[in-house]
Structure formats: C-alpha cells, structure tokens
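What follows is a single structure, written as structure tokens, with notes after it.
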Amino acid sequence: MSFEPPGYCPNCGEYVEKGASSCEECGSCPETGWNDEGYLDGVELPGDETEKPDARESSAGKFILIVCLLALLVYVFVLR
Ligand SMILES: [Zn+2]
C-alpha cells in the first residue's frame, strides 16, 4: 500500500484531506498501512462474489422443489 493523502482511504473509501495524518472515518494511518484490521487487500470486497452463487443456489433449490411437487401431483393424479 502506497497511499498518501489527499485521496480516498483504501480501507473505508472516505476522502482523506491533504496533510491529514490519519483517516477521520476509520482511523487508519500510514503506520497501519492504511488498513484497519491488517487485511492484505482492504479494497477487495469478497462479499460481492459470494452473494450471487448463493442466490442462484436458492432459486435452483426452489425450482427443484417446485418440479418435485409437480411430479408428485402428476403421480397422484395418474394413480387415481
Ligand atoms: Zn478510512
């Protein structure tokens, strides 16, 4: 990390004014490498990538459930 004010904080994205010794928002400073909790890459947001597969899985699960219910209904209907 080679961030120097002025600029946007690599940790929280808040604007850090020129000459500021640390970020007013999250308190990160050059000593902490502009990281709050020692992340290797504080800019990356892994949460964005994990949300989409989950949504797909849940929708696929619902689809399978609906297909199973339809198959069960057809099965019962045919037996009668
Ligand atoms: Zn910050």
Q) By how many nm would the segment from residue 65 to residue 77 lengthen if fully extended, with 0.36 nm per residue of separation less the alpha-carbon distance? A) 2.5 nm
Q. Under the Karplus relation 6.51 cos²θ - 1.76 cosθ + 1.60, θ = phi - 60°, what is the ordered set of whole-Hz ³J(HN,Hα) values for the stretch 11-19, x standing for Gly and Pro?
A. 8, 10, x, 6, 6, 9, 5, 4, x
Q. Got a sec to turn the phi values of the stretch 62-69 into Karplus ³J(HN,Hα) couplings, 6.51 cos²θ - 1.76 cosθ + 1.60 with θ = phi - 60°, whole Hz, x for Gly and Pro?
A. 5, 4, 5, 4, 5, 4, 5, 5
Q: Take 22, 58, 2, 28 and order them by how many other Cβ atoms sit within 10 Å, fewest up front.
A: 2, 58, 22, 28
**Q.** Ranked list, fewest to most other Cβ atoms within 10 Å of each Cβ, for 76, 16
**A.** 76, 16
**Q.** Likely footprinting exposure, 29, 9, fewest C-beta neighbours within 10 Å first
**A.** 29, 9
(Q) Can you list residues from other chains, or at least 5 along the same chain, whose modelled amide H is less than 5 Å from the amide H of residue 16? (A) 7, 8, 9
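Laboratory data are not the source of any read-out in this text; all were calculated from the coordinates shown. This one's a predicted model, so the numbers in the text were calculated from it and none came from an experiment. All Cβ positions, even for glycine, are placed from backbone atoms using ideal geometry, and neighbour counts span all protein chains on display.
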